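Scroll down for the structure; my scribbles are underneath it.
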Amino acid sequence: MLKEDHVKSVADAITVEKKRILSIRKALVEWYLTDHRDLPWRRTSDPFQIWVSEVMLQQTQVATVRPYYRKFLERFPNLARLAVADLQDVLKVWEGMGYYARARNLHKAAAMVMAKHNGRLPQAWQDFRDLPGVGDYIAAAVLSIAFDKPYAVVDGNVKRVLSRLFEMDDPVNRPKSKSIYQQAANELLDERRPGTYNQAIMELGATICKPRRPTCAACPLQAACRAYRNDRVAEFPRRIKKQATPEHRIAVGVVFKNGRVLITRRKPEGLLGGLWEFPGGKIRPHESAEAACIREIKEEVNLTVRIDAHLSQVRHAYTHFKIRMEVFCCVYISGRVRLNGPVDHRWINLDQLQNYPLPKANHKFLSQLVEWNAKTKAN
Ligand code: SF4
């Protein structure tokens with residue numbers, strides 16, 4: 001091919017690609033403007049409220065987030081109120097939604113915005129990104145939706161849509177693929193209306209281009225979608241196989257003393273940080289659940305107890321592991337509480353438990369505990 005011909009064909013290809021990108025943007029935004037779900041956080045332009053919704057939605061489904069979002073904003077309607085709130089109150093409102101680091105970081109970040117940015121959410125990428133808990137996704141989502149800044153979001157929904165649209169072979173769950181999907185998202189971003197565009201592509205992934213059985217017949221991008229055109233939709237997105245999730249066996253004891261029970265508070269950082277729970281821990285190989293319960297209580301709070309009853313077996317899944325928890329009702333025998341691990345403790349009546357934020361796994365046996373206690377008292 002002559003040099004001029006080659007240049008012309010490359011220029012033609014770029015023109016075709018640009019046209020294609022423009023038509024994808026247009027179709028996506030037009031579809032979103034008429035067909036999007038009416039969600040509470042889409043009715044506000046308040047940056048704080050948008051931020052709260054994005055933090056909640058990052059690891060939780062829309063249906064679960066709705067009541068939490070309402071409750072959270074009733075309790076903490078603005079940044080200033082959140083910044084001065086007690087962390088325990090914040091965790092209590094968050095209780096049951098999981099990933100509590102999100103709540104702790106939001107609380108800490110609110111105080112930083114009050115102190116360093118006069119109570120206004122910073123609009124510069126780096127200033128906002130420097131706040132606790134703000135990663136690339138949250139920064140792009142909040143800055144584009146609240147302030148129309150030209151940053152493209154990349155979450156699981158977006159990666160799935162992009163992978164099908166362009167037949168991208170990079171596994172969506174491989175860390176190295178992140179920059180490749182970010183680059184594709186940046187190129188597709190409609191910089192004239194980034195907030196609307198970002199919401200549109202996420203909405204498409206959530207409602208039409210779903211993980212299983214996408215409804216291509218109703219998709220506004222059908223004409224531009226390579227996977228659809230080549231009948232390869234089921235092949236995307238590509239994933240690398242994950243290892244099986246390990247399961248830990250845990251023993252937990254509800255220690256009764258003079259009608260009260262002992263709860264302890266976890267240290268502020270890490271998994272379930274700042275939440276309250278009943279003492280306990282991992283069952284060692286070849287150890288019985290009962291022996292582990294007695295040993296853990298001795299090690300963690302320095303009390304000697306006797307097991308009265310096996311209350312329940314609870315299963316719960318976290319992101320990287322699962323637990324099978326044996327729960328026992330125990331009677332206090334001797335000792336003064338000395339904490340090794342937890343940072344605080346209380347002896348409380350069972351009806352006071354509702355005042356403390358507890359992990360979801362603990363909530364799974366609370367009604368059985370109340371029932372058991374009522375029966376035991378009656379006998
Ligand atoms: S045509 Fe199907 S696979 Fe392609 S983007 Fe639309 S819903 Fe997804």
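The values are calculated or read from the model by the stated rules, or taken from the named source; none is laboratory data. Keep in mind the model is a prediction, meaning the values are calculated, not measured. Methodologically, a virtual Cβ is constructed for each residue, glycine included, from the backbone with ideal geometry; neighbour enumeration extends over all protein chains shown. Calculation scope for accessible area: heavy atoms of the full protein, side chains included, ligands and nucleic acids excluded. Shrake-Rupley method; radii C 1.70, N 1.55, O 1.52, S 1.80 Å.
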Task: Checking Val370 against (1) touching a helix residue (DSSP H, G or I) at 6+ places or on another chain (Cβ under 7 Å); (2) open to solvent by 60 Å² or more (accessible area, probe 1.4 Å); (3) over 20 Å from Asn258 (Cα atoms), the condition it does not meet - done: (3)
TODO: Sort out which residues of the range 145-191 are open to solvent by 50 Å² or more (accessible area, probe 1.4 Å), at negative phi and not in a helix (DSSP H, G or I), and write them in order of number.
DONE: Lys149, Pro150, Tyr151, Asp169, Arg174, Glu191
- [ ] Report yes if some residue within the range 214-234 is within 29 Å of His320 (Cβ to Cβ), near the ligand (Cβ under 10 Å from one of its atoms) and in a loop (DSSP other than H, G, I, E, B); otherwise report no.
- [x] yes
TODO: Filter the range 295-330 down to residues that are assigned to a strand (DSSP E or B) and not hydrophobic (A, V, I, L, M, F, W, C), then give me how many there are.
DONE: 11
Task: Count of residues meeting criterion [more than 8 Å from the ligand (Cβ to nearest atom), in a loop (DSSP other than H, G, I, E, B) and not basic (Lys, Arg)] in the range 235-248 - done: 6
Open item on the list: Condition first: within 18 Å of Ile294 (Cβ to Cβ) and open to solvent by 80 Å² or more (accessible area, probe 1.4 Å). Now tell me which residues in the range 312-337 satisfy that.
Closed with: Gln313, Ile333, Arg336
Open item on the list: If Ala251 satisfies all but one of (1) free of Cβ contacts under 8 Å to residues at least 60 places away in the same chain; (2) more than 26 Å from the chain's Cα centre (by Cα); (3) more than 15 Å from the ligand (Cβ to nearest atom), what's the number of the condition it fails?
Closed with: (1)
Open item on the list: Criterion first (in the same structural domain as Pro268 (by TED's automatic domain parsing), in a helix (DSSP H, G or I) and either surrounded by 15 or more Cβ atoms within 10 Å (Cβ to Cβ) or out of contact with any Phe, Trp or Tyr (no Cβ under 9 Å at 6 or more places or on another chain) (or both)) does Asn340 satisfy it?
Closed with: no
TODO: Can you confirm whether the range 285-294 contains a residue that is open to solvent by 70 Å² or more (accessible area, probe 1.4 Å), assigned to a helix (DSSP H, G or I) and either more than 16 Å from the ligand (Cβ to nearest atom) or assigned by TED's automatic domain parsing to the domain that holds Pro132 (or both)?
DONE: yes
TODO: Output the number of the condition that Gln199 fails; it satisfies all remaining conditions of (1) open to solvent by less than 10 Å² (accessible area, probe 1.4 Å); (2) more than 13 Å from the ligand (Cβ to nearest atom); (3) part of a helix (DSSP H, G or I).
DONE: (1)
- [ ] Could you check, for the range 167-182, whether at least one of its residues is in contact with a Pro (Cβ under 6 Å, 6 or more places away or on another chain), among the hydrophobic types (A, V, I, L, M, F, W, C), touching a residue at least 60 places away in the same chain (Cβ under 8 Å) and more than 20 Å from Val233 (Cα to Cα)?
- [x] no
